[in-house]
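A short worksheet on the structure shown next.
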Amino acid sequence: MTLGILAMLAMVFVMFAGFWTDWLWYRSVHYSSVFTTTLWTKIGLFSFFGVLMAVAVGLNIWLAHRLRPPLSAMSLEQQSLDRYRMGIAPFKKWLLLGITALVGLIAGASASGQWRTWLLWVNGVPFGQKDPQFHLDVSFYAFDLPWYRFLVGFGFAATVLSLIAAALTHYLYGGLRITSPGARATGAATGHLSVLLGVFVALKAVAYWLDRYGLAVKSSDFKASSNWTGLRYVDANAYLPAKTILFCIAVICALLFFATLWRRTWQLPVIGFGLMVLSAILIGGLYPAIVQKFQVQPNEQAKEAPYIQKNIDATRMAYGIDKTEVDDYKGTTAAEDNAKLRSDADTAASYRLIDPNVVTPAFQQLQQERKYYQFAVPLDVDRYTDKNGKEQDTVVGLRELNLNGIDKRNWINDHFTYTHGYGMIAAKGTSVDSTGSPDFTESGLPTKGQFDKDQYEQRIYYGEKTEQYSIVGGPQKELDYEAEGKGQKTTSFQGKGGVSLSNPFNRAAYAVAFSEPQILYSGAIGEGSKILYNRTPKQRVEAVAPWLTIDGDPYPAKIGKRIQWVVDAYTTTNGYPYASRTTLGETTADSLTTRQRAVVAQQNQVNYIRNSVKATVDAYDGTVTLYQWDTKDPVLKTWMKAFPGTVKAKADIPEELLAHLRYPQDMFKVQRELLTRYHVTDPVQFYSGSDAWQVPDDPTNKDGVAVPPYYLSMKMPGAEKQGNKFSLTTTFTPNGRPNLGGFMAIDADAASKDYGTIRLLRVTDNVQGPQQVQSKLNGLPEVAEFVRNLRGSDSEIDYGNLLTVPLGGGFLYIEPVYARGGSANYPLLKKVGVSYGDKTVFKDTLAQALNAVFGVDGAEPPPPAKPPTDTTKPPSTGTNATVEQAIKDAQKAYDDGQKALQKGDFAAYGKAQQELQAALQRAADAEAKAKGSSGGAAAGGSTGGGGG
């Protein structure tokens with residue numbers, strides 16, 4: 001018995017450990033209210049519906065037993081049942097309790113899973129928008145209808161289980177007879193079962209009534225859209241009246257069942273039930289099919305037009321694309337002023353030559369520093385100001401911990417010694433160094449560069465690649481970093497995050513929860529020890545806000561003296577009437593997500609989405625902060641009522657953080673997918689599908705997956721005075737065609753007053769699409785020669801992002817091309833492909849390519865004359881000092897010109913050339929003056945000598 005009690009206590013502690021460690025974690029991140037609200041909601045639903053189900057089933061079993069007839073063994077059937085009755089007689093009460101407890105537990109567990117539905121219903125906030133069919137607020141469909149459907153479903157389950165249990169009990173005790181002579185059921189059994197059947201049919205009547213409203217959120221296949229949602233002509237004119245008629249029939253049928261309490265016969269209820277079933281087949285199935293066949297199909301376009309219009313309006317509203325600015329754009333230019341086009345190309349965009357999806361190996365090899373560090377794939381694009389105070393696109397990545405790179409793996413090293421990464425690496429997005437490698441602006445270990453002045457916290461305890469738990473802050477010191485020539489530096493975590501392991505109870509709980517007994521007795525754990533887990537930004541935000549859908553691409557930003565992970569989060573629903581549904585996991589997949597990073601995890605279908613929350617996760621101590629972003633979103637307001645105090649106001653967002661917030665990629669990809677069809681607002685044209693688009697496949701990838709959107713600082717047509725804006729861009733092609741159909745850009749700068757504004761250029765002329773441009777580039781002789789040379793040097797070619805920029809009425813395509821392999825096994829930018837109109841070129845630099853594609857001087861500007869290189873030291877005179885200084889100025893001007901030329905900055909290049917010419921002229925003048933003086937002195941000496 002002692003062993004049994006100990007085993008039971010151990011089992012209870014194992015179950016309790018998971019609960020206790022969850023509570024400790026939520027308390028450590030200061031979101032304990034989320035844990036308690038969710039827990040009490042689940043407990044409440046479990047208890048209420050579990051007890052309700054148990055009472056319903058148990059009461060009907062008890063009632064059936066109480067209504068049993070006097071027993072007499074009048075038939076073989078009853079004689080055989082006597083053995084069962086006698087066998088269960090001593091255990092009747094326990095059997096009743098066991099059955100009711102079992103069904104109660106199952107029902108309660110099922111109901112507790114509806115905690116989100118309950119919280120949405122009880123806290124629902126009106127949308128302020130009404131559906132066009134029933135004129136009810138959208139909140140009824142998003143918050144109320146799911147809860148009502150759950151109640152009806154629960155009622156069906158309780159009624160069916162009660163009916164089965166009551167019928168079995170009546171049969172066991174003789175109230176129902178199958179083979180015995182005489183009446184098949186006693187009057188009491190008939191009345192009891194009839195009432196249950198009446199309740200079932202009454203619930204069916206309620207279901208018919210709710211189905212009327214369900215038509216507004218019903219999905220179906222339709223020629224106009226494969227994910228059609230909402231009523232069509234046949235729904236409004238056949239299914240809707242059919243549901244109403246069936247509701248009335250079900251009510252009458254239910255009353256007939258209830259009437260058996262007095263009539264004690266099933267004749268009328270059975271006739272009524274048969275009529276209801278027949279009506280369901282004829283009215284609910286056959287009649288709509290006839291309407292569809294003979295009224296709709298002969299003139300479907302005209303019949304469906306009003307309903308298509310409702311679907312278009314609702315879908316555009318639900319996905320936030322209703323205010324899209326659509327402009328016709330020829331896509332071709334007849335301009336002959338190539339010099340002006342060349343000049344405009346310099347200011348049309350900041351062309352990002354560093355592709356964050358390609359250059360991770362370069363970051364890894366040049367900035368990894370130690371084998372136990374790694375960078376995420378892909379890297380991220382952000383904006384930082386350079387030393388001149390000018391904002392520039394920057395490619396950034398964190399040097400995170402990689403335990404696979406540790407030479408000696410053991411429990412202490414994995415969880416105590418190697419606990420964090422170190423440093424944020426940044427490189428210019430628009431230029432490279434002389435070798436083609438990234439031009440780093442923050443590098444080294446510890447890092448130095450443009451962030452130095454702030455002395456920010458460089459330790460990375462929380463990151464995308466940090467999935468193992470670590471125990472920090474105790475007697476065991478952590479490896480901080482290894483500096484060249486300075487040996488190892490150690491540290492001890494001083495952050496406020498983590499869960500304390502100072503007391504034995506917590507240690508025992510985590511030893512059980514993590515299946516690691518060493519946590520309980522290890523001497524490396526002591527006073528001040530903390531355990532860090534749930535360490536990826538996505539995990540932490542999902543845990544503290546389980547009602548949010550998390551974007552698949554968190555990105556790091558240096559905010560003040562800390563590195564913060566910025567995580568975009570969405571509120572969604574699938575209950576927006578008439579709005580077509582989309583599957584997030586499929587819609588957000590592209591050539592990057594399928595290979596390199598996880599897409600948004602949810603595979604459920606939604607038909608409403610808002611980027612309502614911006615979240616941050618501190619890379620050092622793991623602090624999670626949620627900020628309200630969409631202040632009008634009713635779904636977020638509802639969740640904020642359910643979890644008060646968890647989301648901070650939008651006004652609380654620090655200005656420095658606001659400068660790094662951007663429009664999220666997954667939201668953009670959902671919107672662009674919808675805009676392939678819903679850029680068309682005319683129902684007739686929408687139905688025909690004549691102007692339907694598709695997101696083109698990535699031309700730089702052979703997997704046949706969608707091209708990813710690109711962040712780019714650029715200028716849209718008609719916005720010349722606004723300058724370049726940080727934007728998220730994509731292209732469209734017509735369905736089944738490779739030519740360009742449209743170009744989409746959205747203002748991605750959160751600090752901009754136009755943030756979120758979608759500009760869509762509808763291309764009216766025949767313009768080459770991305771795949772055509774890529775094919776044309778691949779067919780150039782220069783590319784073929786480049787590839788042959790690479791193969792000869794054991795290298796491979798990597799194509800970077802194919803950027804598309806509107807310019808001069810046409811489109812400018814720019815693609816960086818990398819060489820990877822040979823002596824440097826990481827990508828180096830070696831070439832740039834540029835296409836404009838019918839001309840495609842392949843050159844060493846962007847400046848050369850732009851010059852060539854626009855035919856400016858046929859090539860790059862001529863190289864400047866080099867300054868004098870004669871370093872013979874002249875006599876130290878004033879004139880010679882002037883010459884020396886002029887030569888130094890000339891050398892500096894020459895270097896400045898070369899740098900400007902590499903960057904394509906022709907204004908700076910011209911200025912440097914002027915300074916170089918001026919310096920050379922000063923040197924020439926000074927030398928001429930020196931020669932004239934020395935010549936005059938020699939002549940004078942000669943004359944004097946002769947006279948003497």
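The values are calculated or read from the model by the stated rules, or taken from the named source; none is laboratory data. All figures in this text were calculated on a predicted structure; none of them were measured in a lab. In this analysis, Cβ positions are derived from the backbone assuming ideal geometry, glycine residues included, and neighbour counts consider all displayed protein chains.
Tabulated data
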| item | result |
| --- | --- |
| Filter result for the condition that a residue is outside any helix (DSSP H, G or I), under 34 Å from the mean Cα position of the chain (by Cα) and farther than 21 Å from Ser522 by Cα, over Lys489, Lys465 | Lys465 |
| Only listed residue being at pLDDT 95 or above and either touching a strand residue (DSSP E or B) at 6+ places or on another chain (Cβ under 6 Å) or not small (Gly, Ala, Ser) (or both), chosen from Leu210, Leu197, Leu231 | Leu210 |
| Cβ-Cβ under 6 Å pairs, at least 6 apart or on other chains, the stretch 267-295 side among the hydrophobic types (A, V, I, L, M, F, W, C), far side surrounded by fewer than 18 Cβ atoms within 10 Å (Cβ to Cβ) | Ile283/Ile245 |
| Test: residue in the stretch 588-602 that is surrounded by 21 or more Cβ atoms within 10 Å (Cβ to Cβ), touching a helix residue (DSSP H, G or I) at 6+ places or on another chain (Cβ under 6 Å), at pLDDT below 90 and not hydrophobic (A, V, I, L, M, F, W, C) | yes |
| Condition check for Ile814: among the hydrophobic types (A, V, I, L, M, F, W, C), within 17 Å of Leu353 (Cβ to Cβ) and modelled with pLDDT under 90 | no |
| Any hit, the stretch 1-11, residues being surrounded by fewer than 18 Cβ atoms within 10 Å (Cβ to Cβ), within 44 Å of the chain's Cα centre (by Cα), assigned to a helix (DSSP H, G or I) and touching a residue at least 24 places away in the same chain (Cβ under 8 Å) | no |
| Filtered residue count, the stretch 638-654, keeping only those that are touching a residue at least 40 places away in the same chain (Cβ under 8 Å) and in a helix (DSSP H, G or I) | 4 |
| Scope the stretch 386-403; condition touching a residue at least 24 places away in the same chain (Cβ under 8 Å) and among the polar types (S, T, N, Q); matching residues | Gln392, Thr394, Asn402 |
| Criterion (assigned to a loop (DSSP other than H, G, I, E, B) and assigned by TED's automatic domain parsing to the domain that holds Ser835) met by exactly one of Val773, Val767, Val783 | Val767 |
| Top-ranked residue in the stretch 290-309 [being buried (at least 16 other Cβ atoms within 10 Å of the Cβ) and either of a type in the set (S, T, N, Q) or not assigned by TED's automatic domain parsing to the domain that holds Asn237 (or both); ranked as farthest from Tyr578 (Cα to Cα)] | Gln292 |
| Pairs where the first residue, in the stretch 153-174, is farther than 17 Å from Thr100 by Cβ and the second is modelled with pLDDT of 95 or more, C-beta under 6 Å, 6+ apart | Gly155/Leu203; Phe156/Leu203 |
| Filter result for the condition that a residue is under 48 Å from the mean Cα position of the chain (by Cα) and of a type in the set (Phe, Trp, Tyr), over Phe258, Phe247, Phe273 | Phe247 |
| Unmet criterion (only one of (1) β-branched (Val, Ile, Thr); (2) modelled with pLDDT under 85; (3) touching a helix residue (DSSP H, G or I) at 6+ places or on another chain (Cβ under 8 Å)) for Ile321 | (2) |
| Residue check, Phe686 closer than 30 Å to Trp629 by Cβ, in contact with a helix residue (DSSP H, G or I) (Cβ under 9 Å, 6 or more places away or on another chain) and among the aromatic types (Phe, Trp, Tyr) | no |
| Wholly enclosed helices (runs of 4 or more DSSP H) of the stretch 294-369 bearing at least 2 residues of a type in the set (Lys, Arg) | 300-318, 338-348 |
